């Protein structure tokens, strides 16, 4: 008898939940077609009528376990502002030769023409493919023949070999949603950490366990091995293995549009959403496979990755560049500054956010451009070759969302910066923005904490600004006999205020920059001067001789003393806020203004001084005004001392702004003297 190896096949059978799917592609009701407004939000430009998705882990004899995600989405376009909802994106993950596959894509626009619904199907000319990052491709759809009143139906499925990439589900978006439903069917062998975010309750939140069967098929061949062994024979057998399948169903109904407010990261951090992270795999008679791992393991993986730690260690050709750059430099701070300036001057950022390179810094220098990983990992490599203690730091940028440190997953990061330790102090560096000094991170990077990747001391580091952001205005103003208000103003901007000024100045040119300044402040500028426009290590300075467009010839003069740098509008208008206020950084605005009292006038009325502060030293506002020697002296100081305020602190912050704006808007009353 001769026995062959057993060939195992897992045959899995999955059924949908007992209830029928609440939507069928293309089957649109008269009520949906004739809708002209959404009664629960009459201001809505579009509304998601139905969003239905299912994710099932199934087994394929050829490819093994896989995730099959199916989705149907229906949107009503109510007016022209909603036309952008005719664009839709489907992200697909790929790694190496494996990739997610898009199947069964159907999309249609339905319009009423006369009394008859007419369909316009999505054609190939409305489908585009975009390589979003090193592991993601985005399929972009643009639906045809969209107009006010259109219904858009989209249906597709994604087959994924990546069990760790279980589809998350967003129940909320920036337009209202009438019904959003998600079903997940997960065999007990896969342990996903599931966590919901947002502030809206589910209409339905169900979980149950159902018995399923795995049928293990095998075959055994006997005989046919030689003389006298008889004819060969194949015997088939099956073995049934029962297991539990966990079934989850979530439904959200009448979900309001998410209103984006000032000072937040990406709205996806706060919308109502269900997230999945694969923690471990537990098959019978096998050791438990830990998937989520630890930050220690992630640190090791990044150090050993050829496109990350490997390319930083290698690239010995950089030694020659470093030697030339550091000629004559003695202190470590000088060396870091010189290398940063060299990288910025010789490599232009191409605008792509990455955390891996293609492993070729020589090409980056030859092409004189690169993505964020190529620039910043090369910067780290050069600093190491200068014998400085430098390491990469992986981060998530503000538009990518915050990092949940309780989930050790490198997929949470989309960007890398550098860190260098000098005299016991850790300095964070980035080589992508030529408008910043060497030790300033781009504002997009100021997002919580980053993970420092190191052979000796990996850890979390705060992504805090290294320099203060401040605008100082000093002005001397006088009222001339003809009633004109003339002044000499000097404006000094530090940190990110300085960067913003330089960026606007260089983008517009001096003439257009002055023109926009005049329009904002109602000035007539007679003379201007700029200092440190190119010296990024010093504050930028603007100097103006000007006249204000006011006629102050009257017996009683009403004068607004905050001629510049005042806060004119409260960015916080909502009564309640459900998520933090994230400035990203603290900042300060200081105005020191002197106004000469015109001859023959006296101060009739003047604002009272004020001093207020936010709780827990979150900020302060000082307004001090006095008269002496024929002058009115005003000092206004507005300070926000930290980058993030919680929802509970929001009412205090809103009131703080309101009181400061009210005070800065108060006027001085000058009256002609009768003496």
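A short reminder: the numbers here are calculations on the coordinates, not readings from a lab. If you're wondering where the values come from, they're calculated on a predicted model, not measured in any experiment. Backbone-built Cβ (ideal geometry, glycine too); neighbour counts: all protein chains shown.
Normalised radius of gyration for region 120-190, please: alpha carbon Rg relative to 2.2 N^0.38 Å, two decimal places.
Details: Rg = 16.0 Å, N = 71, 2.2 N^0.38 = 11.1 Å.
Against the compact-globule rule of thumb, the ratio is 1.44.
To make sure I understand, if each residue's beta carbon is the centre and we count other beta carbons within 10 Å, what order do 83, 356 fall in, fewest to most?
Details: 83 16, 356 19.
Ordered from fewest to most neighbouring Cβ atoms within 10 Å, 83, 356 come out as 83, 356.
Would you indicate which of (i) 1.07; (ii) 1.30; (iii) 1.38 is the value of Rg/Rh (Cα atoms, Kirkwood Rh) derived from the coordinates of this structure?
It is the value labelled (i).
Report the per residue volume, in Å³, of the convex hull enclosing the C-alpha atoms of region 508-606.
Hull volume over Cα atoms, normalised by residue count, gives 196 Å³.
Using alpha carbon centroids, what distance separates region 607-675 and region 239-294, in Å?
Here the answer is 47 Å between Cα centres.
What whole number of Å gives the distance from the Cα centroid of region 428-445 to the Cα centroid of region 540-587?
28 Å
List the relative contact order of the chain as a percent without decimals, with contacts defined as Cα pairs under 8 Å and 6+ residues apart.
9 percent.
Between residue 405 and residue 27, what FRET efficiency comes out of the Förster formula 1/(1 + (r/R0)^6) with R0 = 45 Å and r the beta carbon distance, rounded to 0.05?
Result of the calculation: an efficiency of 0.50.
Could you work out the relative contact order of region 295-462, using alpha carbon pairs under 8 angstrom and six or more residues apart, expressed as a whole percent?
24 percent
Report the extension gain between residue 457 and residue 285 in nm, rounded to one decimal, defined as 0.36 nm multiplied by the number of residues separating them, less their alpha carbon distance.
Working: separation 172, 0.36 × 172 = 61.92 nm, distance 3.76 nm.
This chain segment gains 58.2 nm when fully extended.
Taking the Cβ-Cβ separation of residue 135 and residue 246 as r and a Förster radius of 22 Å, what is the calculated FRET efficiency to the nearest 0.05?
0.20
Taking neighbour counts of Cβ atoms within 10 Å as a proxy for exposure, in what order, fewest first, do 444, 520 appear?
Ascending number of Cβ neighbours within 10 Å: 520, 444.
Taking just the alpha carbons, could you work out the radius of gyration and Dmax for region 295-462, both in angstroms?
Rg then Dmax for region 295-462, in Å: 14.6, 46.
Residue 422 to residue 319: extension gain in nm, 0.36 nm per residue of separation minus the Cα-Cα distance?
Gain on extension, residue 422 to residue 319, equals 35.0 nm.
Treat each spin label as a single point 7 Å out from the Cα along the C-beta direction, and report the residue 478 to residue 622 distance in nm.
Here the modelled spin labels are 2.9 nm apart.
Just want the ordering: 253, 155, 575, from fewest to most Cβ atoms lying within 10 Å of their own Cβ.
Numbers: 253 14, 155 19, 575 8.
Ordered from fewest to most neighbouring Cβ atoms within 10 Å, 253, 155, 575 come out as 575, 253, 155.
In the calculated pair distance distribution of region 470-672, what percentage of Cα-Cα distances lie above 29 Å?
It works out to 32 percent of all Cα pairs.
Go ahead and estimate [θ] at 222 nm for the chain from helices alone: -39,500 (n - 2.57) per DSSP H run with n ≥ 4, summed, over the residue count, rounded to 500.
Details: 9 runs with 100 residues, N = 675.
Calculated from helices alone, the mean residue ellipticity at 222 nm is -4500 deg cm²/dmol.
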